[in-house]
Amino acid sequence: PWIVFAPHADDETFGMGGTMLKAKQQNIETHLVVLTDGSKGGEGADLVEVRNREVHQAASLLGVKSLDTWSVSDRCLELNDEIILKTSRVILELSPAAVFFPGLLEIHPDHRAASLLVWRALQKVKSSAEPPVPVSYEISVQNPVNMLIDITSQVSEKEKVMQVYASQNKENNYPELVLALDKGRTFSLPQDVKFAEGFFLYQEKDLDLSLEDITRQTIELYMRQK
């Protein structure tokens, strides 16, 4: 099974919805954890309830087996012992093969905080019998990637799931921006691949270092002459 950690309701769909749909088609069990309440992602006294309804609908379309929505205030996601322990317990309880989290170079502070949070939780559980594979995904900008997943066959359905997030789409043209990112990721791929999602697949030994150090080392590889 997989666990997908999303900072906000919609990040899982915008970031890796095509891959989650592919997992659904291949009968891979997925679990979704939404970390914040999304209360600052728009207007309206009932915004939290609206976004909660939207993510439940999206999760159903994505084939998610379980959905857990936490109540951390939007833009207030911070690392502390309590939330690291809570995150590590979820990982241990579900015993996933892979854990997905946002890339560290994301723009939104909650996205970056989610990266560090899940990494710290993975470090906490790495001594388990079968530690999960850490995988970061892109949401709003390109991050370092070493794996591209062809979502050409899933992109139409991904568009439908993105439309579920009406509360967010009226704030910006997010579906259009997401598809542009997915299109851009096909630059090095065969012409028949029209859309792709980018990921960074980490190794277990990477968890011996901080996520900041691993990201820094990855970026430094681009600077080498050969």
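Considering only L189, L211, L61, the mean-square fluctuation computed in a Gaussian network model of the chain, springs between alpha carbons under 10 angstrom, is largest for L189. Tell me the chymotrypsin sites (Phe, Trp or Tyr not before Pro) within region 134-204 that lie in a loop according to DSSP and have at most 16 other beta-carbon atoms within 10 Å. Taking region 134-204 and a limit of 16 other Cβ atoms within 10 Å, the loop chymotrypsin sites (Phe, Trp or Tyr not before Pro) found are F187. Of the whole protein surface, M223 contributes about 140 Å² of accessible area at a 1.4 Å probe radius. Taking amide H atoms as placed 1.01 Å from N in the peptide plane, the amide H of K40 lies under 5 Å from those of D74, each 5 or more residues away in sequence or on another chain.
Note that region 112-118 has calculated 3J(HN,Hα) couplings of 5, 4, 5, 4, 5, 4, 5 Hz, one per residue in order, obtained from phi through the Karplus relation 6.51 cos²θ - 1.76 cosθ + 1.60 (θ = phi - 60°); glycine and proline are x. Converting phi to 3J(HN,Hα) with the Karplus coefficients 6.51, -1.76 and 1.60 and the offset θ = phi - 60°, region 152-162 yields 3, 6, 9, 5, 5, 5, 4, 4, 5, 5, 4 Hz in sequence order, with x at every glycine or proline. Protein-only accessible surface at a 1.4 angstrom probe places the residues W70, W2 in the order W2, W70, largest first.
Solvent-accessible area of the chain (1.4 angstrom probe, protein heavy atoms only): carbon and sulfur portion equals 50 percent.
Using only Cα coordinates, the Kirkwood hydrodynamic radius of region 29-140 works out to 14.8 Å. Considering only beta bridges that DSSP places wholly inside region 77-226, some 60 percent are antiparallel. Rolling a 1.4 Å probe over the heavy atoms of the protein chains gives region 37-148 an accessible area of 49 Å² per residue.
Evaluated over the chain, the count of Lys pairs having alpha-carbon atoms less than 16 Å apart is 16 (only pairs 8 or more residues apart or interchain). Picking from G63, G18, G198, which is most flexible by a Gaussian network model of the chain using Cα springs under 10 Å? Judging by the Gaussian network model, the answer is G63. Per q in 0.11, 0.14, 0.22 Å⁻¹, report the Debye log10 I(q)/I(0) for region 164-226, using one uniform scatterer on each alpha carbon and no solvent. Log10 of I(q)/I(0), two decimals: -0.48, -0.72, -0.94.
How big is D for region 22-79, in µm² s⁻¹ as a whole number, if Stokes-Einstein is applied with the Kirkwood radius of its Cα pairs at 4 °C and 1.567 mPa s? Answer from the Stokes-Einstein relation: 104 µm²/s. Judged by the mean number of other Cβ atoms found within 10 Å, the most tightly packed of the peptides 19-25, 42-48 leads the ranking 19-25, 42-48.
The values are calculated or read from the model by the stated rules, or taken from the named source; none is laboratory data. Only a predicted model underlies this, so the values are computations on that prediction, with no experimental measurement involved. Note that we place each Cβ from the backbone using ideal geometry, even for glycine, and neighbour counts take in every protein chain shown. Side chains included, ligands, DNA and RNA excluded: accessible areas come from the protein's heavy atoms. Shrake-Rupley method; radii C 1.70, N 1.55, O 1.52, S 1.80 Å.
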